Amino acid sequence: MKIIENNLLRIIISVCYIFFILSLAGCASNSSPFPYTTTIAEGRAAATDIMAKTGASSISLAFIDGERLVWAETFGLADKGSNTEPTVNTMYPIGSVSKMLATIAVMILVDQGLVSIDAPLTDYIKSFRMLSPEYTQITARMLLNHSSGFPGTDYRNGFTSSPLSFSYSAQVLETLKTQQLKHTPGYMSVYCNDGFTLIEQLVLAVTKKSYVQFVQDEILTPLGMNHSRYSLDYFPEGSFAIRYDEQNTPLPQMFVNLFASGGLYSTPTDMAKIAMMFIGGGNLGGLRILSETSVTEMGVDQTLTNFNPVKKNGLNYGLGWDTVTQPGLGAVGVIGWQKGGSIPYTKTTMTIAPAERLAVIVIGASNGFSSDNAIVIAERILLRALAEKGRIAAMPVPLNMSPRPEKTPTDELLNSVIGYYANSNTFMRVQRQSNDLNIAEYDISINDWKNLYTGLKLRDDDCFSSNVNPSESFLFKTADGRQYFILRNLQGYGHYQDNLIYAQLVAASGTLPTAWANRLDRKWLMTNDHHDSILWSNTVRQLNGIDNLLFANSGSLEIVNPFFSDSRASMMLLIPQVNGRDLNDVVIETRGGEEWFRSGSCLYRPLETIQPLSSGTVTIGAEGLGEWRSLDATGVTKTVTITPTVAGGHWKIYDSNFKQIETGEGAKSVTISGSKYYLIFQDTANVNVA
């Protein structure tokens with residue numbers, strides 16, 4: 001009871017403090033003549049540094065003070081083929097920063113009295129169901145603070161190169177009917193895209209408008225965000241920055257169909273209007289988008305009252321916000337709110353210092369540009385601005401850490417932390433070597449362990465670190481009957497450290513059940529994704545066993561519980577923050593006497609029963625599932641002529657290692673030789689093999 005009282009007190013104090021911040025913002029001048037000369041120079045240096053380091057094709061950014069756009073600039077090329085530079089109006093996919101629009105949409109409905117943020121979601125979405133009966137406890141707040149307990153993300157049909165002809169959010173609503181919760185609603189906050197996707201269905205149910213139309217009417221148009229839109233169709237050529245992969249290949253427009261969770265294309269100058277609105281307590285230029293109460297509520301740390309045994313300041317979720325205690329600003333005594341976004345080959349951050357009335361939006365594209373790079377640029381700009389204005393004494397410098405003094409660990413301590421640990425995509429082993437610890441990761445590509453960290457020694461701060469890299473340390477903590485290992489390392493600009501609950505201790509409950517042991521090392525192939533989804537680059541699923549632990553193998557390892565039943569291996573990790581995200585039960589479905597593999601809404605067929613390809617017609621059935629065929633061209637050359645029965649029918653060819661070697665649309669003859677190949681037909685086609 002004392003803990004609850006203390007947490008409630010902290011929330012009350014947070015609310016009062018945010019109201020104070022916003023009241024100051026309301027009293028401040030709407031413009032500032034301050035030139036920010038050294039700040040702009042710092043920002044240019046940061047952007048060019050990151051461009052050189054990562055090979056990013058382009059960066060676009062904006063810096064604001066109150067309602068004044070102080071500086072906006074672009075770097076690099078939006079289109080390398082035409083040598084075209086981006087302008088401040090060049091759009092980028094902003095990924096999960098789109099969640100801020102979804103949160104604003106919900107809070108508008110709250111302000112209008114149409115939604116109660118703590119009422120059951122079933123009050124509004126009447127068709128919402130899940131297998132776990134506790135789903136009736138889920139509220140809109142839990143969608144916005146990542147505590148719903150949903151498995152994570154339904155990636156099927158989420159990222160495509162052409163428009164969807166149906167509602168992705170409706171698909172997610174149907175998928176949830178087949179899924180269990182991974183934890184009791186509200187128990188902990190762990191990053192969850194599907195929660196925000198369901199906001200689309202909430203808006204539709206309450207307003208009878210599509211989510212996209214509601215956002216346009218209530219947010220984008222009123223704020224004059226004329227260069228922001230969802231990818232309902234192809235954009236005009238030159239209106240958006242082209243993304244490039246590691247081989248410098250230009251990539252097509254990405255249709256991010258998770259509109260509420262990550263689907264907005266925008267610009268830093270457009271998103272600056274969102275930041276200005278927040279700084280103004282929901283008001284921009286006399287136009288009120290949100291009540292001050294709603295902005296305040298969004299800025300309260302939602303993790304104060306749920307399970308979060310070691311705080312990560314970079315993930316103290318607000319409503320929508322990744323953090324309401326941005327650690328790079330917190331290190332100099334300044335409150336910051338931050339939201340990041342990440343889709344393949346584009347990363348974004350929006351960082352706001354509300355009391356200082358400052359904000360930065362950074363977007364970068366291609367190659368090695370990461371979310372961390374965007375944060376570094378944003379922090380350098382804001383820190384320099386704070387120093388230039390005299391708000392802080394000086395620009396901080398990155399930490400240069402030396403090894404801390406050692407202390408002798410007890411046998412009891414060392415023996416208590418060794419064992420297997422797992423997170424959503426990694427399997428690790430902590431071993432003792434004399435008085436040191438070594439941490440290894442299981443590499444499924446070689447079916448063996450690879451050392452990550454060696455020579456970790458206990459230090460006077462009760463963390464383990466090496467002499468080689470003293471800035472990275474590990475600690476172990478038991479909470480709610482589970483043991484975790486926590487990573488502490490340098491973040492952002494490098495002037496602070498932050499924690500991350502990295503992995504959970506796992507152990508086999510007994511010998512692997514026979515039903516699951518008989519499925520080990522079998523392979524299943526994807527059948528039901530959109531023809532140009534990004535998932536086709538990784539179409540194989542497999543089950544692997546390691547020391548009586550069961551893993552779903554998609555190229556990375558997700559641990560599942562085989563003792564739930566012979567046909568469902570359940571999610572088994574409870575890791576708050578981010579490393580427990582995107583989990584799924586593995587469900588075995590019997591179809592035509594065969595065992596098929598389901599993960600979320602993705603359905604995979606068994607490899608061993610694929611029919612050989614022969615001349616004739618490959619027919620797509622009533623469910624629309626892709627039809628796989630094999631073709632053995634070992635020692636021979638074969639020509640395959642594919643003629644879909646519909647214009648533009650789709651098909652793909654994979655080599656024996658399931659590397660995609662051709663993706664086809666319409667009729668074509670293909671010559672293959674020297675190995676075994678696999679073909680998937682996504683439309684009925686006539687085939688001739690010669």
Of Tyr496, Tyr168, how do they rank once you tally other Cβ atoms within 10 Å and put the fewest first? Tyr496, Tyr168
Evaluate 2.2 N^0.38 Å with N set to the residue count of the range 442-562, then give the Cα radius of gyration divided by it. 1.38
The longest stretch of the chain containing none of the GluC sites (Glu not before Pro) that sit in a DSSP loop with at most 14 other Cβ atoms within 10 Å is 247-622
FRET efficiency for Ser416 and Asn447 from the Cβ-Cβ distance with R0 = 30 Å, rounded to 0.05, comes out at 0.55
Reported label for calculated Cα extents along the principal axes in Å given [x] 90, 76, 66; [y] 77, 65, 52; [z] 93, 58, 47: [y]
Taking the alpha-carbon centroid of each part, what is the distance from the range 418-467 to the range 104-157 in angstrom? 38 Å
Apply the a/c threshold of 1.5 to the C-alpha gyration tensor of the range 160-297 and tell me whether it is rounded, prolate or oblate. oblate
Measuring from label point to label point, each 7 Å out along Cα→Cβ, what is the Lys208 to Arg44 span in nm? 5.5 nm
Calculated FRET efficiency for the pair Lys177/Val397, C-beta based, R₀ 41 Å, to 0.05: 0.15
Could you list His146, His530, His495, His183 so that the one with the fewest beta carbons within 10 Å of its beta carbon is first and the one with the most is last? His495, His183, His530, His146
Starting with the fewest neighbours, write out Met100, Met271, Met428 ranked by other beta-carbon atoms found within 10 Å of each beta-carbon. Met428, Met100, Met271
Quick one: check the C-alpha center-to-center distance for the range 74-103 versus the range 519-552, whole angstrom. 33 Å
Between the range 217-285 and the range 606-653, what is the separation of their alpha carbon centroids in Å? 39 Å
Taking the dipole about the Cα centre of the range 177-284, with the C-beta of Lys and Arg at +1 and of Asp and Glu at -1, give me whichever of Phe240, Gln253, Gly186 is farthest to the positive side. Gly186
Lys/Arg +1, Asp/Glu -1 at C-beta; the chain dipole; positive extreme among Gln682, Asn499, Met107: Asn499
Check: the chain dipole with +1 on Lys, Arg Cβ and -1 on Asp, Glu Cβ, in debye: 260 debye
Wrap a convex hull around the Cα atoms of the range 2-388, take a quarter of its surface area, and give that in square nanometres. 18.4 nm²
Hey, can you list the DSSP H helices of the chain whose Cα span along the axis is 24 Å or longer and whose average Kyte-Doolittle score is at least 0.5? 2-27, 371-388
Per DSSP H run of at least 4 residues, take -39500 (n - 2.57); add these up for the chain, divide by its residues and hand me the 222 nm value, nearest 500 deg cm²/dmol. -6500 deg cm²/dmol
Hull shadow area, averaged, the range 431-479 [alpha-carbon convex hull, nm²]: 4.6 nm²
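Between Phe658 and Asn518, how high is the FRET efficiency from 1/(1 + (r/R0)^6) when r is the Cβ-Cβ distance and R₀ = 22 Å? Nearest 0.05.
Calculated transfer efficiency: 0.45.
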By its C-alpha gyration tensor, with a ≥ b ≥ c as the square roots of the eigenvalues, how is the range 610-689 shaped: rounded for a/c under 1.5, else prolate for a/b larger than b/c, else oblate? prolate
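Each value in this text was obtained by applying a stated rule to the coordinates, not by laboratory testing. Here the structure is a predicted model, which is why all the values come from computation and not from measurement. Here the Cβ is made from the backbone with ideal geometry for all residues, glycine too, and neighbour counts use every protein chain on show.
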